Structures are given as structure tokens and as C-alpha cells.
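Visitor: Submitted below is the structure of interest, expressed as C-alpha cells.
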Amino acid sequence: MQYEAPQTLDAAVALLADARGAARVLAGGTDLLVQLRSGAIEPDLVVDIKRIDELKKITAEDGGYRIGAAVSGAELGEHEGVRALWPGVVEATELIGSTQVQGRATMAGNLCNASPAADSVPAMVAADATARIVGPDGVRDTSVRDVATGPGQTSLGRGEIVVSIFLPARPARSGDAYLRFIPRTEMDIAVVGAAVSVSLDDEGTCVAARVSLGAVAARVLLVDEGARVLIGTKLDDDALQALAAAASAACSPINDKRGTIEFRTDVAGVLARRAAQTAFERAKG
Amino acid sequence: MSQIHVSTTLNGDPVEYLCEPDETLLDVLRDRLGLTGSKEGCGSGDCGACSVTVDGRLVCSCLVLGAEAQDREIETIEGVAQGENLHPLQQKILDHAALQCGVCTPGFIVAAKALLERNPDPSETEVRYWLAGNLCRCTGYDKIVRAVMDAAQEMRGA
Ligand SMILES: Cc1cc2nc3c(=O)[nH]c(=O)nc-3n(C[C@H](O)[C@H](O)[C@H](O)COP(=O)(O)OP(=O)(O)OC[C@H]3O[C@@H](n4cnc5c(N)ncnc54)[C@H](O)[C@@H]3O)c2cc1C
Ligand code: FES
Ligand code: FES
């Protein structure tokens, strides 16, 4: 294995594009090192992106924030601006692992590892976040939703690197939230994850919503029907019930030791409802 | 495989070493530099026995490559005591008999030190959450948490 830590994006892309064997990007390494050590992957080249200055930054842009791909969960959590605008995305990212894991893990790494249970991804999908990707053919922006295509699979081409995640601006009365179910209180993989983002008008009626679920299908889901039943309501009981039903209906989970199909399907509804309640409270301010 | 030459700062002192590209910082510390205070409990980021700080950030050294340490500042358990003088966290762990086999202890001390540098007056809940990535199979955690709370109080000069 060859290890490289280039200081520019161009150099990183060139290294990856020209690599003869299997090549991997190294961000926080909290997935990659585990896979490397267990022998699950045997890359010929690892390109560490943490020496590239522009990937280490969080920048305000068009009323939103651009989060560099090498920004750790700990650094994101310390950013007051992002916390205030997208609290659900920050709380989802902060759920990844322990303090030690937070010191290294990145949102982009969570996305590119492509686990259906990745905690930050439903929150990013609910936020309608965009991934900026740079590769041998230049720059492209794509919805975060389209990056992971299945467990461990991404739509990234050879030599392509996610360089940042863009969290857009949002209207004043907006809020988001993420909840997951795990058998313990911390340090575990989501059995179900649910993220909801809403915007309200001056009367407190929902005018826009996005609902996303993790760990209940091969990819993180965007539940359009869940959003549809929230819009036009003030989150009354009927709306909450309809949301829970829509979330459960969208699930196609697996059965495993962490949770059965029935359990995951039911809990997805419960968590979507509770995440919506928190998102509404945050939106009201 | 050709080895990588790394220059870094370890517990305040400049050090240089050669390592394999796929060798972890934990293995470098233990096997090349003779610093065996950091332990390997799992090798997969779950137990925290290998905790060190890199540029002030608490991390698992089993999930860092030795090569990544170039030009960083690494702090390990070996840098915690000042000569013969134990750090208050070390002393309180002893006073509270907060260890049995001791494999988890260096990681707990390094992690708790990182907490108290950020938050000198943590609540018990904050201590427990911060240390959730440090596993102990012997003590049941209670004594460790009490030792950390006690050390924090002493360090605040209360
Ligand atoms: C103890 C422990 C607990 C954990 N708990 C959780 C948890 O609760 N929830 C959760 O979701 N995850 C958890 N994880 C998994 C992991 O920490 C996260 O998925 C993390 O966000 C990965 O980010 P990273 O920067 O460390 O990625 P890396 O390990 O560096 O990379 C992950 C993958 O993505 C690729 N990649 C990384 N960055 C890029 C990029 N910018 N462009 C293209 N490809 C890229 C890498 O090549 C690799 O294949 C845990 C891991 C450990 C060790
Ligand atoms: S040995 Fe590193 S976390 Fe267990
Ligand atoms: S004292 Fe044995 S693991 Fe903690």
C-alpha cells in the first residue's frame, strides 16, 4: 500500500485517477482503517485529504454553509452558525461514534462509506444538501441523495472526491431534527433513523417539509408522502398519524439481530413523528 | 513496501521514525517508540484504550496511520505526569481504586484530561457521555467517574 497526503485538490485527483490498482480516499479513517485492518479492503493507494486546506473549512455561502470534506464531527459541532441553521444535521453528525470517533469522522466519509444506517445522511437528505464532487472531468454538484446507491456502493467515478457538502439557506421559521433508535444510549449503529425538516408560515402552518429515513432500506429514503401530509397542517394529531403511516409504508427493511422487519417498520413511524415534533418546535423558535 | 519517514512532536519533544504505510499510530507508539502505555483493547475504535490526542483532538490511535502524524502534535499517557509528579487524574484514579486490570486506565486518563481542558466543571452526565467510547470490563465505571469528578474539583482549586 502506498500512502499519499497531497496538499492540493488537483494533486489528489491526479493521484486517484492515475492509480494503477485500487485507490481509496482517507478522510477521518474511522471506517477505512477498520476495513483496512480487518482485511475487508486491500487498497494499493490511500490518498489522505486532510492536508488540503480548502477541505478543512466551513464557509458561509448564499445564506447556507459549505462544509469541507475533511471537517470532523467535533469541528462541525463547535460551529455556532451551522448549529443554529441546521441543528438536526449537527445532532445527527454528533451521534456518530464516541468522542474519539468524533475527533476524526467526517460527514462526507459517512456519506461515501454508503452504509444505509449512516446517521448524518438522513439529516442531510432532509436538508436537501448538495455534494460537490471534483474529479478528472472537473466539478459537479449532485444531491446528497444520489451519492450512495446501495450498501457500500456510490455513484462516484474513478478519481472523484467529494470536496464539500452544501447545506442551503432556509426561510426564517424553519427547523430540522434527527432521531435514531439504538438498543443502547450511545455508541451503536442505528436500527432506524428519521430526519424531518420543516418551514412554517407566520401562522405556524407548515409550508415545506422533507422527511428522510435511514436503516430501513438499501439506501437512505426520501419519503415524499410524509412531507405531503405535513404541508398545510399545524402538526395536529391527524397529521402526525398520517406521517407515521407514510414513514412505515415507505420501509423495506431487513430482518437481523438488531431489529426485525416489523419492529423497524413500526419504529420508523414513531421516530418520524417525534422528529417532526422537534423540528416544528425548533421552527417556531 | 517502502517505509515512510515521519517527523512529529510527541509529548512536546521532536521525534522521527520510519513506519510502514499501513501501520497504525498505536503500533508505531508501542512497537517502534517503546511507548506501551497506550493499549490495544480492540483495534477497531470501540474501546478507547488506545486514546491519544492529535493536535489537541482526542482520537483512537488504532484508527490513525503512523504516517498521518507528520508535523502534528501527539500527546500520549506517557506525557501526562510531570516527572515524578502524578497528574491529579492519575492520583484520583489511585485514591478511588478506580482500576483493576488497568488496561483501560491510560485511555480513560487521556480522554478525561481532554475533557477537563475543555470543560473544567463537567456534570456527571457530561463525564459519562464524554467517556462513552472508553470501555472498562472490570470496574463498572462508577469509581472512574467519581475519580474524574474529584480530580476536576481539585484542579478547579475548590
Ligand atoms: C467505534 C465506531 C463507532 C461508529 N459509530 C457510528 C455511528 O454511530 N453512526 C454512523 O453513522 N457511523 C458510525 N461509525 C462509522 C464511521 O465513523 C462514520 O461512517 C464516519 O462518518 C466515516 O467518516 P470518516 O471521515 O472517518 O471516513 P473514512 O473512514 O475516511 O472513509 C469512509 C469511506 O468513504 C470514502 N471517502 C471518505 N471521504 C471521501 C471523500 N471526501 N470523497 C470520496 N470518498 C471518500 C473512503 O474511501 C472510505 O471508503 C462508527 C465507527 C467507529 C469506529
Ligand atoms: S484499541 Fe483503539 S479503540 Fe480499542
Ligand atoms: S480496569 Fe480492567 S478494563 Fe478497566
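The values are calculated or read from the model by the stated rules, or taken from the named source; none is laboratory data. Remember, predicted model here, so these are calculated numbers, not experimental data. We place every Cβ from the backbone using ideal geometry, glycine too, and count neighbours over all the protein chains shown. Heavy atoms of the whole protein, side chains included, go into the accessibility calculation; ligands, DNA and RNA do not. Shrake-Rupley method; radii C 1.70, N 1.55, O 1.52, S 1.80 Å.
Visitor: If a residue counts only when it is within 16 Å of ligand 2 (Cβ to nearest atom), which helices (runs of 4 or more DSSP H) contained entirely in region A:72-123 have at least 2 such residues?
Guide: Because the criterion is at least 2 residues that are within 16 Å of ligand 2 (Cβ to nearest atom), the helices (runs of 4 or more DSSP H) in region A:72-123 that meet it are A:99-102.
Visitor: Return the residue satisfying two criteria in turn: it lies in region B:2-16 and is away from every other protein chain (no Cβ under 14 Å) and at negative phi, and of such residues it is farthest from the chain's Cα centre (by Cα).
Guide: The qualifying residue farthest from the chain's Cα centre (by Cα) is B:16.
Visitor: Shifting gears a bit: Could you run through region A:85-100 and say how many residues are touching a helix residue (DSSP H, G or I) at 6+ places or on another chain (Cβ under 9 Å) and either open to solvent by 20 Å² or more (accessible area, probe 1.4 Å) or not assigned by TED's automatic domain parsing to the domain that holds residue A:62 (or both)? Write out each step before concluding.
Guide: Within region A:85-100, the first condition is being touching a helix residue (DSSP H, G or I) at 6+ places or on another chain (Cβ under 9 Å), and the residues that meet it are A:86-100.
Cutting the leftovers down to either open to solvent by 20 Å² or more (accessible area, probe 1.4 Å) or not assigned by TED's automatic domain parsing to the domain that holds residue A:62 (or both) gives us A:87, A:91, A:94-97, A:99.
Of the residues in that region, 7 qualify.
Condition check ((1) under 14 Å from residue B:15 (Cβ atoms); (2) touching a helix residue (DSSP H, G or I) at 6+ places or on another chain (Cβ under 7 Å); (3) assigned to a loop (DSSP other than H, G, I, E, B)) across all residues:
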{"residue": "B:34", "(1), (2), (3)": "yes, no, yes"}
{"residue": "B:38", "(1), (2), (3)": "no, yes, yes"}
{"residue": "B:43", "(1), (2), (3)": "no, yes, yes"}
{"residue": "B:46", "(1), (2), (3)": "no, no, yes"}
{"residue": "B:59", "(1), (2), (3)": "no, yes, no"}
{"residue": "B:62", "(1), (2), (3)": "no, yes, no"}
{"residue": "B:71", "(1), (2), (3)": "yes, no, yes"}
{"residue": "B:74", "(1), (2), (3)": "yes, no, no"}
{"residue": "B:90", "(1), (2), (3)": "no, yes, no"}
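Visitor: While we're on this one: Quick test of your reading of the structure: residue A:50 fulfils all but one of (1) assigned to a helix (DSSP H, G or I); (2) within 11 Å of another protein chain (Cβ to nearest Cβ). Name the failing condition by number.
Guide: Among (1) assigned to a helix (DSSP H, G or I); (2) within 11 Å of another protein chain (Cβ to nearest Cβ), the lone unmet condition for residue A:50 is (1).
Visitor: Hey, can you tell me all the residues within region B:4-34 that are of a type in the set (S, T, N, Q) and closer than 15 Å to residue A:46 by Cβ?
Guide: B:24
Visitor: Look through A:245, A:208, A:276 and report the one residue that is within 20 Å of residue A:89 (Cα to Cα), surrounded by fewer than 24 Cβ atoms within 10 Å (Cβ to Cβ) and not assigned by TED's automatic domain parsing to the domain that holds residue A:143.
Guide: None of the other options fit; the residue is A:208.
Visitor: If a residue must be under 19 Å from residue B:130 (Cα atoms) and either out of contact with any Lys or Arg (no Cβ under 7 Å at 6 or more places or on another chain) or within 16 Å of ligand 1 (Cβ to nearest atom) (or both), how many such residues does region B:56-82 contain?
Guide: 11
Visitor: Could you pull out the residue among B:79, B:37, B:48 that is within 14 Å of ligand 2 (Cβ to nearest atom), in contact (Cβ under 8 Å) with a residue 60 or more places away in the chain, more than 25 Å from residue A:48 (Cα to Cα) and of a type outside the set (Val, Ile, Thr)? Before you say what the answer is, go through the steps one by one.
Guide: Working: B:79 fails: within 14 Å of ligand 2 (Cβ to nearest atom); B:48 fails: more than 25 Å from residue A:48 (Cα to Cα).
Testing whether each residue is within 14 Å of ligand 2 (Cβ to nearest atom), in contact (Cβ under 8 Å) with a residue 60 or more places away in the chain, more than 25 Å from residue A:48 (Cα to Cα) and of a type outside the set (Val, Ile, Thr) leaves just B:37.
Visitor: Is it the case, given these coordinates, that residue A:71 is among the β-branched types (Val, Ile, Thr), away from ligand 3 (no atom under 16 Å from the Cβ) and open to solvent by less than 10 Å² (accessible area, probe 1.4 Å)?
Guide: yes
Visitor: Cβ-Cβ distance below 9 Å, separation of 6 or more or different chains: which pairs start in region B:2-26 with a residue that is modelled with pLDDT under 95 and end on one that is open to solvent by less than 40 Å² (accessible area, probe 1.4 Å)?
Guide: B:2/B:21
Visitor: Looking at region A:141-187, what strands (runs of 3 or more DSSP E) fall wholly within it and have at least 2 residues that are open to solvent by less than 20 Å² (accessible area, probe 1.4 Å) and without any contact (Cβ under 8 Å) to a residue 40 or more places away in the chain?
Guide: Result: empty, no element qualifies.
Visitor: When region B:88-114 is examined, which residues are found to be more than 16 Å from ligand 2 (Cβ to nearest atom) and touching a residue at least 40 places away in the same chain (Cβ under 8 Å)?
Guide: Correct list: B:88, B:89, B:91, B:92, B:93, B:95, B:96, B:97, B:98, B:99.
Visitor: Hey, can you tell me all the residues within region B:144-158 that are free of Cβ contacts under 8 Å to residues at least 60 places away in the same chain and under 25 Å from residue B:103 (Cβ atoms)?
Guide: Of everything in region B:144-158, those that are free of Cβ contacts under 8 Å to residues at least 60 places away in the same chain and under 25 Å from residue B:103 (Cβ atoms) turn out to be B:144, B:145, B:146, B:147, B:148, B:149, B:150, B:152.
Visitor: Something else about it: Looking only at region B:48-57, which residues are in contact with a helix residue (DSSP H, G or I) (Cβ under 7 Å, 6 or more places away or on another chain) and of a type outside the set (A, V, I, L, M)?
Guide: B:48, B:50, B:51, B:53, B:57
Visitor: Taking region B:30-68, which residues are of a type in the set (A, V, I, L, M) and more than 11 Å from chain A (Cβ to nearest Cβ)? It would help to see each step written out before you state the result.
Guide: Within region B:30-68, the first condition is being of a type in the set (A, V, I, L, M), and the residues that meet it are B:33, B:35, B:49, B:52, B:54, B:58-59, B:63-65, B:67.
Correct list: B:33, B:35.
Visitor: Determine whether region A:255-262 contains at least one residue that is at pLDDT below 95 and touching a Lys or Arg at 6+ places or on another chain (Cβ under 9 Å).
Guide: Yes: region A:255-262 contains one or more residues that are at pLDDT below 95 and touching a Lys or Arg at 6+ places or on another chain (Cβ under 9 Å).
Visitor: Take the residues in region B:1-38 that are hydroxyl-bearing (Ser, Thr, Tyr) and under 19 Å from residue B:63 (Cβ atoms); name whichever of them is most open to solvent (accessible area, probe 1.4 Å).
Guide: At the first step, the residues of region B:1-38 found to be hydroxyl-bearing (Ser, Thr, Tyr) are B:2, B:7-9, B:17, B:24, B:36, B:38.
Keeping just the survivors that are under 19 Å from residue B:63 (Cβ atoms) gives B:8, B:17, B:24, B:36, B:38.
Working: B:8: 11, B:17: 16, B:24: 3, B:36: 68, B:38: 3 Å².
Once the filter is applied, the top-ranked residue is B:36.
Visitor: Within region A:203-249, track down each residue that is in a helix (DSSP H, G or I) and of a type in the set (D, E, K, R).
Guide: Matches in region A:203-249: A:224, A:225, A:228, A:237, A:238.
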